[in-house]
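Undergrad: Here it is: the structure, laid out below.
The values are calculated or read from the model by the stated rules, or taken from the named source; none is laboratory data. All values reported here derive from a predicted model rather than from experimental measurement. Cβ placement follows ideal geometry from the backbone for every residue including glycine, while neighbour counts extend to all protein chains displayed. Heavy atoms of the whole protein, side chains included, go into the accessibility calculation; ligands, DNA and RNA do not. Shrake-Rupley method; radii C 1.70, N 1.55, O 1.52, S 1.80 Å.
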Amino acid sequence: QVQLVESGGGLVQAGGSLRLSCAASGSISYIDAMGWYRQAPGKQRELVAQIERDGTTNIADSVKGRFTISEDNAKKVVSLQMNRLKSEDTAVYYCHALRNWPGRDWWGQGTQVTVSS
């Protein structure tokens, strides 16, 4: 079992920055990739950024150039640096961990990010 604990988030003005962090504990050797999803009111949950065990990253087009994902692989802490935030970035952000085989995943409890215009 894997537990994910998120920190960061909050209220920021448009153009500002925030940093989210997620610490994994438990059976962290199972984790092949970690990342962040977000869900805005009335919308589906979407991938924001993901980083794989070998450092390969996948960044959503909507945040490319503004958001950066990084990981302390030894500690299994993944961070999302969010710059030049826009009102459309307002959402609940969820930390996610993935095991490729056998396929399963885990979710954090979510943290609110609100960008005021």
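Undergrad: Which pairs turn up if I take residues in the range 57-80 that are over 26 Å from Ser25 (Cβ atoms) and open to solvent by 60 Å² or more (accessible area, probe 1.4 Å) and look for partners that are of a type outside the set (Gly, Ala, Ser) and not in a strand (DSSP E or B) with beta carbon separation below 8 Å, at least 6 apart in sequence or on another chain?
TA: Taking only residues 6 or more apart or on different chains, the pairs are Ser62/Glu88.
Undergrad: Hey, among the residues in the range 1-38 that are under 12 Å from His96 (Cβ atoms) and in a loop (DSSP other than H, G, I, E, B), which one's most open to solvent (accessible area, probe 1.4 Å)?
TA: So the residue we want is Asp32.
Undergrad: Being of a type in the set (Asp, Glu) and over 14 Å from Leu18 (Cα atoms) is the filter; apply it to the range 64-89 and report the residue that is modelled with the highest pLDDT.
TA: So the residue we want is Glu88.
Undergrad: Go through the range 44-56 and count every residue that is part of a loop (DSSP other than H, G, I, E, B) and either crowded, with 20+ Cβ neighbours inside 10 Å or touching a residue at least 24 places away in the same chain (Cβ under 8 Å) (or both).
TA: Of the residues in that region, 1 qualify.
Undergrad: Now for a separate question. Of the residues Arg84, Arg99, only one is among the charged types (D, E, K, R) and out of contact with any Gly (no Cβ under 9 Å at 6 or more places or on another chain); which?
TA: Arg99
Undergrad: Within the range 64-94, can you find the residues that are closer than 22 Å to Asp32 by Cβ and not hydroxyl-bearing (Ser, Thr, Tyr)?
TA: The answer is Phe67, Ile69, Glu71, Asp72, Asn73, Ala74, Lys75, Lys76, Val77, Val78, Leu80.
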